[in-house]
Amino acid sequence: MATNLPVVFWSLVHLRPSMIYWRVHRTVKGGLVSLLDRTGLTSKLMTDVREDASVSPIARLGSRYHCEDIDLNARRFSFLKDVLTLPTDDGSIRSAVAGQPLLWQFHFGYHDYLLALLDREDAAPGLLDEALRFTADWERLYPATGTGVRRSSWHPYVLSIRIEAWIRLYTRALESGRTAEEADLKQLARGVEAMTRSLLRNLEKGTMANHLLRNIKAMVLSGLFLDTKTGAQARRIGLKLLGRELREQVLADGCHFERSPMYHVSMLSDVLDMAEAIAMAESAVPEELAQAAASMTAFLERMRHPDGEIPYFNDSTRSFFLRTGEVLQRGTQLCAEMEWTLPDAHQPRAAASEKPANVSGLLTASSARNWIVFDAGNVGPDYQPGHAHCDTLGFEWSLDNRRLVTDTGVFHYRESRERSYSRSTAAHSTVEIDGVEQSEVWKSFRVGRRAKILHASHEEVDGITVLHGAHDGYRRLAKPVTHERAVVMGGDEWIAVIDWLHGKGTHQYRSFFHFHPDADIAATTGRVDIRLGDATVIMQTLGPESLIIQETECYPAFGEKQSRQSVILQNRALMPQLSAVVFLIGVTDLPIRFDDDGETVHIQRPGLPELQIGPKL
């Protein structure tokens, strides 16, 4: 794991000056609060004002949350597969929660699981009363002036989600027949007022990206809910920041700019919530918000395997707290109701003038039996690549509606062996050179020098689809190498993965192909036989590489670990080098051959001239 000064330098050099300022500001502020905590002066010098707040309730929103096995009555909480049963006395509760991983503490403070519990078909009578008692108890245990609460319970990201949860819980309470004059509802309104004040003082301008967009959502909803000066301020600031962030965070092809399909689903849900809440308040939905809802919905429609779920690129794994299908259905329905036109659902062809930074680079191809997604995009925004993995020019593939080649997923966010592996080049179906990572990932969310896309394209010629890309991640080697790849789909019959390694000198390279745990793999002379359900595939290599089959790990969900088989092609050779793998699906004739020039690949097509594919660099 890289921790040397050059890597730290390259991690910091991409930060915006404003981010550095706000990170220093928050660090200094946090140090002062910690000092007050240690001296016992926090509660004396910092007042936790709780005033009654006049509100205009927001009608029930269409989004739906899900949660793990949580039982409020039994005091049992499960987040990311880690289970904790709370003790009975206040001091022990705080101590037990503080002993959990930080992300667990975040989830405990979100309170969105209260909505998920109420949405369950088997929700017990009286659950709403339990939920309201829980919020009152929580507020007593974690006041804003409490020791150490700033790190998790009153972290601005946690506040943002809890503000929304309490506003929506207020609506549920009114629907159940309660009135605004009851103590429980007054407590919720006072809490939203206090949390919004705190959020306005602590917006995540040092983190930005999805964190700031979540802050904005909380301010927009709070601004619609609170009939107070705080609410008016939140609405004004939230709407002002919203347009700016949507223009930056939603790319030209509709993808969220962190290029993580899982976070795209989450951000789309937030966009839909804001649009729906504003519309139900009989206000005009900002144009940028309507455009974002439509383009992000269309992108999600394109970016799903036949099983309906997302690819696992860049900190993505199987959705749970939000479900992909529900978010997509809601986006499609809301856009139809609001008469917002969805962009064409087919794979967009980015204009030649479109810079790689302005599009996701996630390219798809499909036939009756095959579906492929190819990652020919940058790792994320330069100033915030926290969810980036070394998956550049990697791909996923579904055959006959079942996943065959898959990414590794995410086990958890804690610094660990699993976290390091899941972000590494070796964990993705792409090429590693000299044991060096494509991008200098380190710790849990840091990236030093990162691979930059030099070219990305999607072409179709007489039934042949070519997804093409190149990156410069290995130009930092003493003898630089550029990796260029084409993933070529010949209808239902074959798929070819062609790699050009441009450079000089001798290098060790390894090409990884990671298969779903359900796939059975066996190596024979010069090939690999693959079986997935009733389908059979022959993996044939055309280059000089040696082939090994290795058992590796994958993480299809947080806290879930499975064993799978991976094929690794490796070789040490003088650059430049051409390598290719062909997957034959129910056929035996090899459709491609290398040209004597060592660069061009010829694809044979019955009844048509040969198609030549060469490097574009």
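Could you please find all residues in segment 188-232 being touching a helix residue (DSSP H, G or I) at 6+ places or on another chain (Cβ under 6 Å) and of a type in the set (D, E, K, R)?
E193, R197, E204, K205, R214, K217
Taking P517 and the conditions (1) assigned to a loop (DSSP other than H, G, I, E, B); (2) at pLDDT below 95, which numbered condition does it fall short on, given that it satisfies the others?
Just one mismatch for P517, condition (2).
Given the structure, is A290 outside any loop (DSSP other than H, G, I, E, B), over 27 Å from F395 (Cβ atoms) and in contact with a Phe, Trp or Tyr (Cβ under 6 Å, 6 or more places away or on another chain)?
For A290, the condition - outside any loop (DSSP other than H, G, I, E, B), over 27 Å from F395 (Cβ atoms) and in contact with a Phe, Trp or Tyr (Cβ under 6 Å, 6 or more places away or on another chain) - is met.
For R475, indicate whether it is touching a residue at least 12 places away in the same chain (Cβ under 8 Å), assigned by TED's automatic domain parsing to the domain that holds K452 and of a type in the set (K, R).
Details: touching a residue at least 12 places away in the same chain (Cβ under 8 Å): no; assigned by TED's automatic domain parsing to the domain that holds K452: yes; of a type in the set (K, R): yes.
When the stated conditions are applied, R475 does not pass them.
Which ones in segment 12-54 are among the polar types (S, T, N, Q), more than 29 Å from G386 (Cβ to Cβ) and modelled with pLDDT of 65 or more? Walk me through how you get there before you give the answer.
Of the residues in segment 12-54, the ones among the polar types (S, T, N, Q) are 18, 27, 34, 39, 42-43, 47, 54.
After this cut, where a residue has to be more than 29 Å from G386 (Cβ to Cβ) as well, the list is 39, 42-43, 47, 54.
Hits for segment 12-54 are T39, S54.
Could you identify the single residue in G503, G469 that is at positive phi and at pLDDT 95 or above?
G503
Looking at segment 252-270, can you tell me whether even one residue there is crowded, with 18+ Cβ neighbours inside 10 Å and farther than 26 Å from N358 by Cβ?
no
Go through segment 523-539 and count every residue that is crowded, with 18+ Cβ neighbours inside 10 Å and modelled with pLDDT under 95.
Of the residues in that region, 0 qualify.
Anything in segment 105-131 that is touching a residue at least 24 places away in the same chain (Cβ under 8 Å), closer than 13 Å to I70 by Cα and in contact with a Leu (Cβ under 8 Å, 6 or more places away or on another chain)? List them, or say none.
If the condition is that a residue be touching a residue at least 24 places away in the same chain (Cβ under 8 Å), closer than 13 Å to I70 by Cα and in contact with a Leu (Cβ under 8 Å, 6 or more places away or on another chain), then H107, H111, L114, L115, L117, L118, L127, E130, A131 are the ones that fit.
Can you confirm whether segment 91-106 contains a residue that is closer than 27 Å to L221 by Cα, among the small types (G, A, S), at pLDDT 80 or above and outside any helix (DSSP H, G or I)?
no
Can you work out which of the residues in segment 433-455 that are among the hydrophobic types (A, V, I, L, M, F, W, C) and farther than 24 Å from Q570 by Cβ is surrounded by the most Cβ atoms within 10 Å (Cβ to Cβ)?
Across segment 433-455, the extreme among qualifying residues is V447.
I'm told R485 meets every condition in (1) over 21 Å from Q565 (Cα atoms); (2) surrounded by fewer than 22 Cβ atoms within 10 Å (Cβ to Cβ); (3) charged (D, E, K, R) except one. Can you identify the failing condition by its number?
(2)
How many residues does segment 362-378 contain that are under 15 Å from the mean Cα position of the chain (by Cα) and either closer than 16 Å to S429 by Cβ or not in a loop (DSSP other than H, G, I, E, B) (or both)?
Result for segment 362-378: 3.
Residue check: is G469 out of contact with any Leu (no Cβ under 7 Å at 6 or more places or on another chain) and small (G, A, S)?
It is false that G469 is out of contact with any Leu (no Cβ under 7 Å at 6 or more places or on another chain) and small (G, A, S).
The values are calculated or read from the model by the stated rules, or taken from the named source; none is laboratory data. Predicted model, so just to flag it, every value in this text is computed and none were measured. Virtual Cβ from ideal backbone geometry, glycine too; neighbours counted across all protein chains shown.
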